[in-house]
1. When the residues of segment 24-48 are filtered to those that are touching a helix residue (DSSP H, G or I) at 6+ places or on another chain (Cβ under 6 Å) and surrounded by 16 or more Cβ atoms within 10 Å (Cβ to Cβ), which remaining residue is modelled with the lowest pLDDT?
2. Checking the conditions here, which among 81, 91 is in contact with a helix residue (DSSP H, G or I) (Cβ under 8 Å, 6 or more places away or on another chain), part of a helix (DSSP H, G or I), more than 13 Å from residue 16 (Cβ to Cβ) and in contact (Cβ under 8 Å) with a residue 24 or more places away in the chain?
3. Determine which single condition residue 7 fails, assuming it passes every other condition in (1) modelled with pLDDT under 90; (2) surrounded by fewer than 15 Cβ atoms within 10 Å (Cβ to Cβ); (3) farther than 21 Å from residue 77 by Cβ.
4. Please verify whether segment 46-61 includes one or more residues that are over 17 Å from the mean Cα position of the chain (by Cα), free of Cβ contacts under 8 Å to residues at least 24 places away in the same chain and assigned to a helix (DSSP H, G or I).
């Protein structure tokens, strides 16, 4: 990512962080209706993970599976900017 973020990137990173934190809270509550992911039933978890992926895609992340890496990094204390940077580095490493 660029050293200086534009306002759009800042808002996207903040939204991605909020979605990851929401998923984390739902996992703590462990309410089946919230934490089961199903595109067929259109569960809240599925919609949130889809939204998170769409945001990460706009930020230059290429692998849809990286959304869970981002989730793990952010919920363990990394900033969203650092998490996206690390995910992109991991993707580049795995490509080469």
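The values are calculated or read from the model by the stated rules, or taken from the named source; none is laboratory data. Nothing here was measured: the structure is a model prediction, and the numbers come from that model. Methodologically, a virtual Cβ is constructed for each residue, glycine included, from the backbone with ideal geometry; neighbour enumeration extends over all protein chains shown.
1. 34
2. Details: 81 fails: more than 13 Å from residue 16 (Cβ to Cβ).
The conditions single out 91.
3. Here residue 7 clears every test but (1).
4. Applying the first criterion (over 17 Å from the mean Cα position of the chain (by Cα)) to segment 46-61 yields none.
Checked segment 46-61: no residue is over 17 Å from the mean Cα position of the chain (by Cα), free of Cβ contacts under 8 Å to residues at least 24 places away in the same chain and assigned to a helix (DSSP H, G or I).
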